[in-house]
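Trainee: Here it is: the structure, laid out below.
Read the figures in this text as sums done on the coordinates, not as results from a lab. If you're wondering where the values come from, they're calculated on a predicted model, not measured in any experiment. FYI the Cβ positions are ideal-geometry reconstructions off the backbone, even for glycines, and counts take in every protein chain you see.
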Amino acid sequence: MIDFLLLNLEVLLLIGFAGGAVVCAGLMVVMRQPMRVAMALIASMTLLGGVYGLLGVHFIAAFQVLIYVGAVMVFMVYVIMLLDVRDDAGPAFAQWKWPGIGAFVLLLAVLVATVWKALPSSNGETASTAFGVSRFSVAFLNEYWLHFELTSVLLVAAVVAALAVIKVSRRVDRASRAHSEAARHG
């Protein structure tokens with residue numbers, strides 16, 4: 001048993017990190033308080049850094065932790081604090097909890113079926129598209145690095161848009177309060 005664990009430690013850690021990242025991503029969808037969602041996103045990004053490290057792309061793993069977790073998430077937490085979003089005493093999860101859990105289970109089923117289909121059969125033959133860590137690493141660095149970087153730009157654009165919406169709604173709130181005060185005293 002110990003020999004099996006030691007021989008497959010990298011794969012077990014990869015499954016653990018990837019599973020933890022998927023669980024944290026699911027929590028981001030169903031949790032309601034913004035600060036808790038940000039903490040789940042930080043955990044997910046940290047676990048993705050562990051996945052990148054296990055895949056052998058240590059440079060990307062270091063950038064994932066230093067830039068995305070260290071800088072971008074600090075910026076997002078600062079924006080959440082700046083917007084003064086309070087945790088209310090209401091439920092911790094959104095009203096869409098059960099549909100979200102159903103979609104999450106469906107996603108996991110599709111992922112398991114995809115990986116299971118690519119696993120070697122019992123008679124020693126392998127599927128035509130076998131899953132491999134090194135193949136994934138090469139494909140990620142050659143084909144998908146732009147998508148990875150565009151995601152960070154999209155996150156910054158979303159934060160800027162949220163700030164603009166909040167600024168406009170605060171102006172409208174101030175104007176309506178001033179109008180109601182004038183109507184009450186006038």
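Trainee: Find the centroid of the Cα atoms in the stretch 34-66 and in the stretch 153-186, then give the distance between the two in whole Å.
Mentor: Cα centroid of the stretch 34-66 versus Cα centroid of the stretch 153-186: 34 Å apart.
Trainee: For the stretch 147-186, build the charge dipole from Cβ charges (+1 Lys, Arg; -1 Asp, Glu) around the Cα centre, then report which of A158, A183, H147 sits farthest towards its positive end.
Mentor: Comparing the listed Cα positions along the dipole, A183 ranks first.
Trainee: Taking N as the number of residues in the stretch 144-186, what value does Rg over Cα atoms divided by 2.2 N^0.38 Å take?
Mentor: 2.04
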